[in-house]
Structures are given as C-alpha cells and as structure tokens.
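Please treat every number below as a calculation from the coordinates, not as lab data. Please read all numbers here as calculations on a predicted model, not as lab measurements. Positions of Cβ are backbone-derived with ideal geometry, glycine not excepted, and every protein chain shown enters the neighbour counts.
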DNA sequence: CTCGTCAATGTTATAATATAACGCGTCAAG
DNA sequence: CTTGACGCGTTATATTATAACATTGACGAG
Ligand SMILES: [Zn+2]
Ligand SMILES: [Zn+2]
Ligand SMILES: [Zn+2]
Ligand SMILES: [Zn+2]
C-alpha cells in the first residue's frame, strides 16, 4: 500500500527535490528514472562508472540496459548535475548544482583525484580558469571548455 | 637488396633517431616495432587512436594485435615520447621530447584541442601549472600530475 | 657449448566503455 | 483523430583496453 518510500538518504532526497525544481524551471523533467540515477551518483562516495551504475539500477529496474544509463547521464550532464571524470571514465555528482543555476554549459571546474582512496573533490578555482583563459587567448584559441583533473594524494590520505 | 628504406619523412626519421639516442641514454631500446609505432604517431596530423594505429601498423606487421600497440604506447608514454589525450582516447607525439631529456614522469603539459579540425597543440604553460599547484596545496593535496585539456576552435579554424 | 634468464613480442581471449538503430506508449497540440 | 515530441525499452554492435600465456632471441654464467 505504501509508496516506494525514501530510496536515498534524507540529504540526498533534498538534493533530488532541488534538482527537480531546477529541471522544472528549465522546462524539462526529472523523471523517476533520472531521479533514481542521479540519486545513485550522489550516493556514491567515489566516482561511479556507467556499468556500476547500471548494476545498481537494475536492482530496481529490470529492463535497464547501457543506453538507459548513458541517456540519463547525458541528460544530467547537460543540466550540470553530473560531471564526467575523464581520467576515470566515471561520473560524479556536482556539489554546486543544487546551489546555483548557471550550470547549463557547465561551470569552470577542476577535479582533485586521490589515487589512494579514490575520492574526487570538485573545485571552482578562478586562478586556474584565468590562467587557462589567458593561455588560450595567447594562442588565438577560442576556448569553449576545459578539463582539469589533478591526481595525487588527498589531505585525508596523506595524514 | 636494399634495406627497407625510409618509412617516414626525413624530419620524422630525424626525430626517431633522436628518440633512439635518448632511449640508449636511459638503458632502454627503441626497437624497430617501437620506432615504427612512434613514427606513425608522429606522422599523424591529429591524435590517433590505438586501433587506428593498429590498422596502420598491420600494413607492415601481420601479427599485430591490440596488446602490441598498447604495450608500445605504454613504453613510449613512460619515456615521454607520446601523450594520451584523455578527452579523445587518442595519442599524440610530444613535440618537446626530442629537445629535452627530463620527461621521464612527463612534464606539466596542456592540450589545446580544436573541435573543428581535430588538431591538438601541446603547451607547457607555467602560469597554469603554478595555479594548479597552488590550488592543490591550498587543499592539502599532494599533487602528482595534472591533465589539462582545453577545447575550442584553433586560430587557423577561427580565421 | 648449454643452460638459465630476461626483454620483447606473438597470440588468444576477454573485459570495460559507449553508441546505433528501431520500436512502443503517452500525452498534448492542432 | 492525427501528428509529433518525449521518454524509455530492447537488441545489437562499436570502440577502447587488458589478462594470460606462449614463443623467440640475445646474452652471460657455468
Ligand atoms: Zn560541478
Ligand atoms: Zn584520499
Ligand atoms: Zn610533451
Ligand atoms: Zn582547428
């Protein structure tokens, strides 16, 4: 008789509600499937690969297949709710997507990838962005976006 | 009766000779296979994928298989002769590998990826590297390396 | 010489990541 | 009612990368 109930932690459900609100603002829909995938990404301590996501998704959705998850990831990335970490071929939730609405084309973002614990921290460093913009301009290059992924050992792991 | 002759342009053969010299200096060998793969990468105007490389390699080496090319690429990357462009899952020759010998762990490098013509330019921008090092330090992050890939339209394409 | 060892490559199979192409149901505009 | 956009299911395939084991040839120890 009950609805499906909370699938994710209360904090994450809040973020999902916020994401739904932002979707509505833009005339798109955070469908149950999209909400579930986003919830799974946000629930992961580490970047999660498309197929790991697919495995978890299948526990609730029988018919899920690769296109299911890739399509949803495309949608979530286009809205700035999720980023891809290229070095890992894996996906992370955007921590600022719930706070700020200018992320259509994605903000200028950098990742700190800990090779020890596997965690990834997202930053938005203006100095890096400026240095990149400057270098691009000096090369007569019309920059559209930049991937910045810094690998090393995070504060927690380095002790 | 003649030897195989020049497989690549004279400029590239010169760079291959230089690479062989650098290998010898470090106690490793630029075998014919490795030399040929490096030549193919250097001959490509654009980043080249492992399987495109494999196709070209097979014209001369019958038995070539994926491990053949991936092993050689690992070798060439470890020596700094070749870089991987993560956004493209493709490989480029390092333009400075022939001039400078400190590339064992790879120099701090950035790529300008033109989404129009597909060409990739390698840069070595100290300001970007410094901004990244600074941001990492502020996060208590012990940086090992960084991937910086800037996408846009190159000077030639933007006209 | 002959054996052991190592680097390099060959060889077969498979894993991991990603997309193409088509179909089907819903829903709202016209 | 028809049409078209959207969301998703479904099947098949493409693309990228690695695991695991075999073979070859060079070279030094004995
Ligand atoms: Zn973000
Ligand atoms: Zn860590
Ligand atoms: Zn380089
Ligand atoms: Zn261009």
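The table below lists the values:
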| read-out | value |
| --- | --- |
| On Cα atoms only, tilt of B:10-25 relative to the major axis of chain B in degrees | 80 degrees |
| Other-copy label distances relative to residue A:55, 7 angstrom Cα-Cβ extension, nm | 3.4 |
| For chain B: relative contact order, % (alpha-carbon pairs under 8 angstrom, 6 or more apart) | 18 percent |
| Beta bridges per DSSP with both ends in chain B, % antiparallel, nearest 5 | 70 percent |
| DSSP-defined beta bridges in the protein assembly as shown - what % are antiparallel, rounded to 5 | 80 percent |
| Residues A:45, A:151, sorted so that the one with the fewest Cβ neighbours within 10 Å comes first | A:45, A:151 |
| Most mobile listed residue (B:128, B:48, B:12) in chain B, GNM with C-alpha springs under 10 Å | B:128 |
| Label 7 Å beyond Cα on the Cβ vector: residue B:29 copy-to-copy distances, nm | 6.5 |
| Order of B:145, B:62 under a 10 Å beta carbon neighbour criterion, fewest first | B:62, B:145 |
